[in-house]
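In what follows, a single structure is set out as structure tokens and then discussed.
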Amino acid sequence: MISAEEAIQRLREGNQRFVTGNQERAMHEKHRTELVAGQNPFAVILGCSDSRVPAELVFDQGLGDLFVIRVAGNIVAPSQVGSVEFAVECFGTQLVVVLGHTLCGAIQATLEQLDQPQELRSANLASIVNRIRPSIETLVDVATTPEKLVQLAVRANIRASVNQLQHGSVILENLVQQGKLTIVGAEYSLETGVVKIFDY
């Protein structure tokens, strides 16, 4: 298994290929059949389910390279924590990336829900909104424009999800403390295609 540092470098290089239109990763039947026997992903990506942000494409990776978990707003709930635990324990993956993106619809929906009367709020959407709300409520009075509010909220939500993974699981927390796991946040720009990796 490659180190977290090598994995981050591989993701950065893949994103650069994506941005410049020089993608290398294509599916080959031989590779697909080899993966029947097992997988060895070099990174776990907890990303947003937005159709414009498929992790394999924006990092120019192929079959078996990434263990991808997608959920609106790249939130961390028990099923996502369990999925990350599964990947790092089963495959020895040393890097987890929480991948948010600019103009996130889940963030915008959360901001809109903050202004809605309780009786008009969707109970199902609330399961996402309630996980995002704590990290962004304090930003409402800080941001100077609606656009700035969304930008700050997206980044605050990414950092909150990173923190939840680092401290919301004994398994993951122990691996981080032992230096066997790195968990970072990243933001994909819908406008440029560039992924900025935070805190690393």
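Computed over region 4-197, the Cα gyration tensor eigenvalues convert (square root of 5λ each) into semi-axes of 30, 20, 15 Å, ordered from largest to smallest.
Reducing region 36-66 and region 105-147 to their Cα centroids gives an inter-centroid distance of 28 Å. One decimal place: the segment Gln16-Gln39 gains 5.8 nm when fully extended, by the rule 0.36 nm per residue minus the C-alpha distance. Highest mobility in the GNM of the chain, judged by mean-square fluctuation with C-alpha springs under 10 Å and restricted to Val71, Val36, Val19, is found for Val36. Per-residue ellipticity at 222 nm from helix content only, as computed over the chain with -39500 (n - 2.57) for each DSSP H run of at least four residues, stands at -14500 deg cm²/dmol.
Which residue fluctuates the most in the chain, going by a Gaussian network model with Cα springs under 10 Å, if the choices are Thr102, Thr145, Thr93? Between Thr102, Thr145, Thr93, it is Thr145 that shows the largest mean-square fluctuation. Ranked by how many other Cβ atoms sit within 10 Å of their own Cβ, fewest first, the residues Ser161, Ser3 fall in the order Ser3, Ser161.
In this structure, the amide hydrogen of Ile45, modeled 1.01 Å from its nitrogen in the peptide plane, lies closer than 5 angstrom to those of Phe67, Val68, Ile69, Val97, counting only residues at least 5 positions away or on a different chain. Helices of the chain meeting both criteria, an alpha-carbon length of 15 angstrom or more along the long axis and an average Kyte-Doolittle score not below 0.0, with helices taken as full DSSP H segments, are 78-91, 123-136. Full extension of the chain between Gln116 and Glu56 yields a length gain of 18.0 nm, computed as 0.36 nm times the residue separation minus the alpha carbon distance. Largest GNM mean-square fluctuation among Gln16, Gln116, Gln151, using the chain with Cα springs under 10 Å: Gln116.
Computed from the coordinates by the stated procedures, all read-outs in this text should not be read as laboratory data. Here the structure is a predicted model, which means the values were calculated and not measured. Backbone-built Cβ (ideal geometry, glycine too); neighbour counts: all protein chains shown.
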